[in-house]
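Report on the following structure.
The values are calculated or read from the model by the stated rules, or taken from the named source; none is laboratory data. Computed from a prediction, not measured in an experiment: that's the story for all the values here. We place every Cβ from the backbone using ideal geometry, glycine too, and count neighbours over all the protein chains shown. Accessible surface is based on the protein model in full, side chains and every heavy atom, while ligands, DNA and RNA are left aside. Shrake-Rupley method; radii C 1.70, N 1.55, O 1.52, S 1.80 Å.
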Amino acid sequence: MSSSIEDNIGSLSESTRKEIGKIIVGQEDVIEQLLICLFAGGHVLIEGVPGIAKTLLVRVLARLFDCEFKRIQFTPDLMPADIIGTNVFDPHAQAFQFRKGPIFAQFVLGDEINRAPAKTQSALLEAMQERQVTVDGTTYRLPGIFTVFATQNPIEQEGTYPLPEAQLDRFMMKIVVRYPSEEQEVAILRTHQLGLRIEDLERFGLTTVGGEKELLAAQDAIRQRTIREELLAYLARIIRATREHLQVEVGASPRSGIMLLMAGKARAALEGRGHVLPDDIKAVAKPVLRHRLWLKPGAEIDGFTADEILDEILNRIEIPR
């Protein structure tokens, strides 16, 4: 990757964070992870309780990159055709016309994705993996920039359906959004006291930082970047260690390693660096791998979490010099 491209990606990242900061208080780690997925071309699963700006953050990102944004509210009665679209008979043309569903957007927010049954959740699989949908034997390509941001509530389990393993594996990262600090919460209240409604993005003076052209160029540059052999071996050791851990029933797949590689490349690029460091791999390991580890029943009863197991693995594996 040339230094000019690195500088452009780093500058784009810095400008994006600055603009987001006009509306979103704190959440620096969450913003970084979202940008990593966006620039690496991956999809995102966002977990957090209601009211902590998950939807707002995705709307702001879409505005900053001038991307079409569609929101799908997942409910138990949502059907696959409600997502991907359906053929509708046109009486004037005397023929069926395909009416596109909300999946045909650049930024798609699947709100409370675990509230829909498995059949509807699986309608996203082809779109997320192949970036296309098939209806009645006809295939329709999705936009060049296509990112699914899916949210789920970790607390309320009544009326929810666990995401299938195959669908979970399609998400590059599972990002956990936590409550703001006391200082940040005061800043949020101060904004509302001034009469500013965060839903009205126009009043915050957001400046577009780029568009589809810039995002596609960044994604292509990150895909073509290479890293040192010893870092590839370090990454592979992390993946393999998840499969050998005594508390893990099913470890990370080879696809997980590819996702970790891409996320590490993207983090280095967002920092404006021409080389990937072990710290880049470590920084993205938990959000990339936490939803891909299936713990043994006894481990969950004993209170083990995927994050704790990954911390132990990362601390144990020797870092290449």
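Across segment 264-321, the number of residues qualifying as over 30 Å from Glu214 (Cα atoms), charged (D, E, K, R) and surrounded by fewer than 18 Cβ atoms within 10 Å (Cβ to Cβ) comes to 10. Is it true that Arg290 is under 20 Å from Gly41 (Cα atoms), among the basic types (Lys, Arg), modelled with pLDDT of 90 or more and touching a helix residue (DSSP H, G or I) at 6+ places or on another chain (Cβ under 9 Å)? In short, yes.
Looking only at segment 116-137, residues that are modelled with pLDDT under 85 and more than 19 Å from Met172 (Cα to Cα) come to 9 in all.
The helices (runs of 4 or more DSSP H) falling completely within segment 204-294 that include 1 or more residues that are hydroxyl-bearing (Ser, Thr, Tyr) map to 229-244, 254-270. Number of residues in segment 89-134 that are within 23 Å of Leu163 (Cβ to Cβ), in contact (Cβ under 8 Å) with a residue 12 or more places away in the chain and in a strand (DSSP E or B): the value is 6. Considering segment 62-87, the residues that are in a helix (DSSP H, G or I) and over 19 Å from Leu142 (Cα atoms) include one that is least open to solvent (accessible area, probe 1.4 Å), namely Leu64.
Every listed requirement among (1) open to solvent by 40 Å² or more (accessible area, probe 1.4 Å); (2) under 22 Å from the mean Cα position of the chain (by Cα); (3) closer than 28 Å to Phe304 by Cα; (4) at pLDDT below 90 is met by Gly251 save one, (1). Among the criteria (1) within 13 Å of Phe149 (Cα to Cα); (2) surrounded by fewer than 16 Cβ atoms within 10 Å (Cβ to Cβ), the one Pro50 does not fulfil is (1).
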